Amino acid sequence: MVMTKQICCIAAVLLLLSTQTWAAVSAFVDRNPVALDESLTLTIESDGGGDAPDFSLLKNDFDLLGQSSNTSLQIINGQVSRKQQWQVQLMAKHAGEIQIPAFAVGAEKSQPLLLNVTAGANPQQAQQSDDIFIEVSAGSKNVYVQQQLLYTVKLYFSLSMAEGNTLSEPKVTGGDAIVVKLGDNRQYQTTVNGRRYGVMEQQYALYPQKSGALTIEPLVFDGNVVEQGRNGGSFFDPFNQTTRHVRLRSKAVKFEVQPMPAGITAHWLPAHNVQLLEQWSEEPPKFVVGEPITRTLAVMADGLTAAQLPVVGHDLPAGLKSYPDQPQLKDTKDAKGVTGLRQDKIALIPTQPGPLTLPAIELTWWNTDKKQLEKARLPERTVTVAAGSGMVAPPANSVTSQPQMADQIVSNDTSTLADVAKLTNFTTTAGWWPWLALVFGIAWLITLIAWWRRGAVVKSVMTNTTATDQQRLQPLELQLRKACQQNNAIQSKAALLTWAKARWPQQPPVSLPAIAKLSSAPLADAISALDRALYADGDTTWQGQQLWQTFEQHKPTDEVAGKTNAAGLEPLYRA
């Protein structure tokens, strides 16, 4: 009997719900007026039911941040009431009076609303009483082209932060700049006028590539904060928290980029400090004919990336053969900015014994603190090359030894037997013929063996060099292709210079015009087009596909590679 009564009650409720007439649909907001960049909640409520309202009608004037819905059912004195709510979080796109349109639920519509959106205070002029605000700061407002500019962003908050917070990256207008993020953000606490704030700090290093006025556009923070005192969690349900969406904008930062000072012809290196370092595979270094020894040259610069640093130490004296390895580039990032390190390892093989002088190495750079040119220097080094194993060292006096002189005579077809007898101090008696034949035989045998060994070694070296060069150049060509496909002129130039240094290690070109001189006409024209795009005063749209296709078809051959490199130093980018 009890079960029958329960079934009847449920049936009555369902009958009432099915015959429920549509009641009025209402709409209301939780805040009016509201400041720009502050969120509000729009609620559409119906006493009946139906499909969700079409909130896409709001997209012209608002950003839609999130939606939710809930349904409640009450039975009081046998009367059944049902309410359904749809809520959407909004943020106005502009200030002024904005009309929220009517929304249809079933056969009924809500009344339109008029929302007043105020411009609000400048977020950068935040008072100490604000719960959350942004501060941005830059180092020197007057920097040189390619000089490091430190840019710091600090988000202050005194409320609990919910998940889903984002902060935009710096964007530069008015010119081109490379932006480097200096590690992850730091979090700490501070006190401002007696009020405790949590701080999230992020630093960036910017490298402007052109002179003139540049602007760092305002950064935008989108986040959710936990409301205090509004439907907060209770002791039994501490996680039932109400969050509010917040959007903040920082101020714009304007600065002036100075061109490279006039009269500078060396590689342009604006930095706080530059050092030249040297290391040998063994200390002190020992030079022996035919035996390789590795010299490592390092350039370290505070305020520059490793990609901006040039190769040094490529001027070597006669009597040394060099075989450079791939450079190692490394950037170290901290609160003071970027420290670039470039390491070049070079295998040196002496070809003749005796004294040898390695010239001094100098690198001119611009001190951004003192505003003057300075030089980093490694002094010259004089060494003595020892004779290799199996090699006969020359005698102390200047007289040529008898075996050496015999070799010279064998190679001279006009020499007479009398000359041979005179130069070898043999007497013309009946017993000198066997000795002369022995000398001729030994000399001929030595010459034959030397010629055979030299041919085999040269052939082996040529084969290995060709294979090694191909393996070394292939990844560099892939880097060039990737940069060209992305239409990135700056990275294309860097990749092309790195490839050229590996292609011509003896006399590496250090500029695009220098590479063009070593290339055929089609490739030279494509490289010149890249050079003009980089140095053009106005914005240009450069397409890298043409350079890559031309490079694939007209890469410099061995014949072209043998030409004299007349490359001269020039800055990585002109002002």
So for R0 = 60 Å, FRET eff. of Val29-Leu478 from the Cβ-Cβ r, to 0.05, ends up at 0.60
Residues of region 151-173 with amide nitrogen under 14 Å from the 7 Å Cα-to-Cβ point of Arg186?
151-155
Show the residues, 5+ positions off or on another chain, whose built amide H is closer than 5 Å to the amide H of Gly388.
Val289
Given the pairs Lys93/Lys154; Lys370/Lys501; Lys181/Lys345; Lys333/Lys493; Lys210/Lys482; Lys375/Lys501, which are separated by over 27 angstrom at their Cα positions?
Lys370/Lys501; Lys181/Lys345
I'd like the accessible area for Tyr144: 1.4 Å probe, protein heavy atoms, all chains in place, Å² to the nearest 10.
40 Å²
Under 20 Å from a label point 7 Å along Cα→Cβ of Arg377: give me every residue in region 334-362 with its amide N that close.
357-362
What does the accessible area of His94 come to, in Å² to the nearest 10, when a probe of 1.4 Å is used?
70 Å²
Apply the Karplus parameterisation 6.51 cos²θ - 1.76 cosθ + 1.60, with θ equal to phi minus 60°, to every residue of region 216-221 and state each ³J(HN,Hα) to the nearest whole Hz, in sequence, with x for glycine and proline.
8, 5, x, 7, 10, 10
Kindly sort His245, His314 by accessible area of their heavy atoms, largest first, with the probe set to 1.4 Å.
His314, His245
Quickly work out the Gln352-to-Ser281 label distance, labels modelled 7 Å from Cα along the C-beta direction, and quote it in nm with one decimal.
2.4 nm
Under a 1.4 angstrom probe, counting protein chains only, how are Ile293, Ile442 ranked by accessible area, largest first?
Ile442, Ile293
Contour minus end-to-end for Leu73 and Asn142, with contour as 0.36 nm per residue of separation and end-to-end as the Cα-Cα distance?
18.2 nm
Express in Å², to the nearest 10, the accessible area of Val172 obtained by rolling a 1.4 Å probe over the protein heavy atoms while all chains stay in place.
30 Å²
Cα to Cα, under 29 Å, and not fewer than 8 places away if on the same chain: which lysines meet these conditions relative to Lys83?
Lys5, Lys59, Lys109
Amide H partners (placed H, <5 Å) of Leu304, local residues excluded:
Gly340
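The values are calculated or read from the model by the stated rules, or taken from the named source; none is laboratory data. Quick caveat: nothing in here was measured; it's all calculated off a predicted structure. As a convention, Cβ positions derive from the backbone with ideal geometry for all residues, glycine included, and neighbour counts pool all protein chains shown. Accessible surface areas use protein heavy atoms only, side chains included; no ligands, DNA or RNA. Shrake-Rupley method; radii C 1.70, N 1.55, O 1.52, S 1.80 Å.
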